[in-house]
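Trainee: If you scroll down you'll find the structure; I have some questions about it.
The values are calculated or read from the model by the stated rules, or taken from the named source; none is laboratory data. Given the structure is predicted, the values throughout are model-derived calculations rather than measurements. Cβ placement follows ideal geometry from the backbone for every residue including glycine, while neighbour counts extend to all protein chains displayed. Ligands, DNA and RNA are stripped out before the accessible areas are found, and what is left, the full protein with its side chains, is counted by its heavy atoms. Shrake-Rupley method; radii C 1.70, N 1.55, O 1.52, S 1.80 Å.
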Amino acid sequence: MFNSRTLLSGKRKYVFGLLVLSLICVICAAFNSEDSDDFNFARREVLLRKIGHEILLQSGDSTSRVLPVKKIAENEYLIRFESDFTFQPDSLMNTTSRFLDEAPLAGNYIVNVLNCSDSSVAYGYAISKNKKDNIVACSGRKQPKACYKITIKFKPTGINRVKNGYLLGSLSFLGFLGFILLKPFKSKKALSNNGHSDRITVGSALFDTINKKLIVNEKSIDLTGTETRLLLIFALSPNEIIEKSRIQKEIWEDEGVIVGRSLDMFISKLRKKLEFDPNIKIVVVRGKGYKLEISAV
């Protein structure tokens, strides 16, 4: 019977709602992740300015300014100073580690102290989450007072790339799942998954539900998709009253279309295709629905 089809249609509506909810969750997660990333990047710039302030204090300078931190590349920043200063490499490393090692989106970074005059590297080191990969040189040698600027380059986290990949992957998966589960069940498979044989005897004819044909004495009568579904309801319940509302729901309403007089038209067309057998007829049961009467031969 068509109960399995009705259940399947109900499941499709449930799955549709689930897909919409999942889509909303994915989009919200993407925007929340983006907001979180923006916050962390802004916090990183504040930490860099704090590092510049600590470097000046260690040099004995508590009055000159740290100039605005400048982003010079996607993951690279420049710290500039108003006045000349001196620095101790060990103290510089300790300062950057204190602020950056546990900071979000930091972890791995390279620090270079550049001479302002020619941007040559006066001192540099690389810090990794894996301490064995740290690259440190010339620690303990105090650098002369001069005009310096500091660049800090962070290893790309790949967060945006991964986030976009997950978002696109999720949307693609949801779209594919929706296409599979929500497309109209008008295929041959839909007719064969209702707990019945692909071929049903209707009077003197063989009803081929897959190929949508009535086979009579090796001759075939073609049926439309709607006529096939309609006849299938009757063929699975011969000599039983089928309510009109049930037919409308199982054939049309579950597909998103509500019909009125169209049902009478299809019943009329199906009657003509059953005229080959006088023992078969579709009768109207007033106030109730229709019935496929099959008389015993």
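Trainee: For the stretch 271-293, how many residues are surrounded by fewer than 17 Cβ atoms within 10 Å (Cβ to Cβ) and touching a Pro at 6+ places or on another chain (Cβ under 9 Å)?
Mentor: 1
Trainee: Quick one: which strands (runs of 3 or more DSSP E) lie wholly within the stretch 57-120 and hold at least 1 residues that are within 42 Å of the chain's Cα centre (by Cα)?
Mentor: 70-73, 76-79, 109-115
Trainee: Go through the stretch 217-242 and give me each residue that's within 18 Å of GLU293 (Cβ to Cβ), among the β-branched types (Val, Ile, Thr) and not in a helix (DSSP H, G or I).
Mentor: Selection gives ILE241, ILE242.
Trainee: Considering only residues that are in a strand (DSSP E or B), under 19 Å from THR86 (Cβ atoms) and either open to solvent by 90 Å² or more (accessible area, probe 1.4 Å) or not hydrophobic (A, V, I, L, M, F, W, C) (or both), which ones fall in the stretch 122-153?
Mentor: Once the filter is applied, which keeps residues that are in a strand (DSSP E or B), under 19 Å from THR86 (Cβ atoms) and either open to solvent by 90 Å² or more (accessible area, probe 1.4 Å) or not hydrophobic (A, V, I, L, M, F, W, C) (or both), the stretch 122-153 yields TYR123, GLY124, TYR125, GLN143, PRO144, LYS145, TYR148, LYS149, THR151.
Trainee: Which one of these is open to solvent by less than 80 Å² (accessible area, probe 1.4 Å) and modelled with pLDDT of 85 or more: ILE180, ILE159, ILE251, ILE210? Steps first, please.
Mentor: On the way: ILE180 fails: modelled with pLDDT of 85 or more; ILE159 fails: modelled with pLDDT of 85 or more; ILE251 fails: modelled with pLDDT of 85 or more.
Result of the check over ILE180, ILE159, ILE251, ILE210: ILE210.
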